[in-house]
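The values are calculated or read from the model by the stated rules, or taken from the named source; none is laboratory data. Source: prediction; values computed, not measured. Cβ: placed from backbone, ideal geometry, glycine included. Neighbour counts: every protein chain shown.
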Amino acid sequence: MTTQIIDDIFTLLRESGDLSYGEDVSQMAHILQCGHLARIDGASDALAAAALLHDVGQFLNDAGNAAEQKGIDAQHEVTGAAFLARWFSPSVTEPVRLHVEAKRYLCAVEPGYVEALSRASALSLRLQGGPHDAQEQADFLALPDAQDAIRLRRYDDQGKRSDWDVPDLESYRQLLTSLLRP
Ligand code: FE
C-alpha cells in the first residue's frame with residue numbers, strides 16, 4: 001500500500017505548522033506535544049494518532065484564525081474528523097471529532113476547569129456552546145469514545161509549553177501507516 005497519504009498529511013501540517021493559533025506555541029509544537037503526551041501516557045496507537053492529528057481541521061481552511069478574528073466557530077473538530085475518515089477508522093476520528101465536546105463536558109463537571117482555560121480556549125468555548133448542560137453530559141458520556149476524547153482533551157490542554165522539545169513528525173510515520181484502513 002502506498003503511504004503517499006502520510007506524506008500528504010505531513011505536508012499539510014508543515015505548511016501551516018508555523019502559524020500561531022492564539023496560544024504561546026506554534027500549531028506544530030502543539031500537535032507534536034499532544035502526540036508525545038499520548039505516547040508517554042501509554043495511550044493506544046489510535047489515540048496517539050488522534051492526539052497528533054486532532055487539530056488538522058485548523059490546517060484545512062484556516063479555521064483557527066477565523067475563530068480568533070471573526071468570532072465564528074468553524075468546527076475544526078468536525079472538518080478534521082471528516083477529512084481523516086477517508087483513511088482512518090473511528091478509533092482515530094472519533095476522539096478528534098469529540099475533543100471539543102470533551103472540553104464542554106469538563107467545563108461542566110470539573111471544578112476550576114473553566115477558570116484554567118487559556119485565553120484562546122475561553123474565547124472559543126463561548127462559540128462552541130459553553131459548558132454542557134445535564135442532558136448534553138449524559139449524551140456525551142454514552143458515546144463509546146467519550147473517555148478517549150477526554151484523554152485527548154487533557155493532552156490538548158497540556159501541549160502548550162514553550163520550552164519543550166519532543167519527537168518530530170517523522171517519528172509518527174510507522175504508527176500512522178499501521179492505522180490506515182485497508
Ligand atoms: Fe489542540
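Only one of these conditions is not met by SER16: (1) modelled with pLDDT of 95 or more; (2) over 17 Å from SER124 (Cβ atoms). Which number is it?
For SER16, the exception is condition (1).
I'd like the full set of residues that are closer than 23 Å to PRO182 by Cβ and assigned to a helix (DSSP H, G or I), limited to the stretch 32-50.
If the condition is that a residue be closer than 23 Å to PRO182 by Cβ and assigned to a helix (DSSP H, G or I), then ASP45, ALA46, LEU47, ALA48, ALA49, ALA50 are the ones that fit.
From the list LEU123, LEU169, LEU152, LEU176, pick out the single residue that is buried (at least 20 other Cβ atoms within 10 Å of the Cβ), closer than 22 Å to ASP18 by Cβ and either touching a residue at least 24 places away in the same chain (Cβ under 8 Å) or touching a His at 6+ places or on another chain (Cβ under 8 Å) (or both).
Numbers: LEU123 fails: buried (at least 20 other Cβ atoms within 10 Å of the Cβ); LEU169 fails: buried (at least 20 other Cβ atoms within 10 Å of the Cβ); LEU152 fails: closer than 22 Å to ASP18 by Cβ.
Going through LEU123, LEU169, LEU152, LEU176 in turn, the sole match is LEU176.
I'd like the residue in the stretch 42-91 that is at pLDDT 95 or above and among the hydroxyl-bearing types (Ser, Thr, Tyr) and, out of all such residues, is farthest from the ligand (Cβ to nearest atom).
SER89
Can you name the residue in the stretch 81-119 that is acidic (Asp, Glu) and free of Cβ contacts under 8 Å to residues at least 12 places away in the same chain and is also farthest from THR3 (Cα to Cα) among such residues? Full working, then the answer.
Narrowing the stretch 81-119 to residues acidic (Asp, Glu): 94, 101, 110, 115.
Within this subset, residues satisfying the condition of being free of Cβ contacts under 8 Å to residues at least 12 places away in the same chain are 110, 115.
On the way: GLU110: 41, GLU115: 42 Å.
Looking at the filtered set, the residue picked out is GLU115.
Of all the residues that make up the stretch 19-31, how many are more than 12 Å from VAL56 (Cα to Cα), outside any loop (DSSP other than H, G, I, E, B) and modelled with pLDDT of 75 or more? So that I can check it myself, show each step before the final result.
Here is the first cut: in the stretch 19-31, the residues more than 12 Å from VAL56 (Cα to Cα) are 19-26, 29.
Still in the running and outside any loop (DSSP other than H, G, I, E, B): 20, 26, 29.
Next, only the ones that are modelled with pLDDT of 75 or more stay: 26, 29.
Qualifying residue count, the stretch 19-31: 2.
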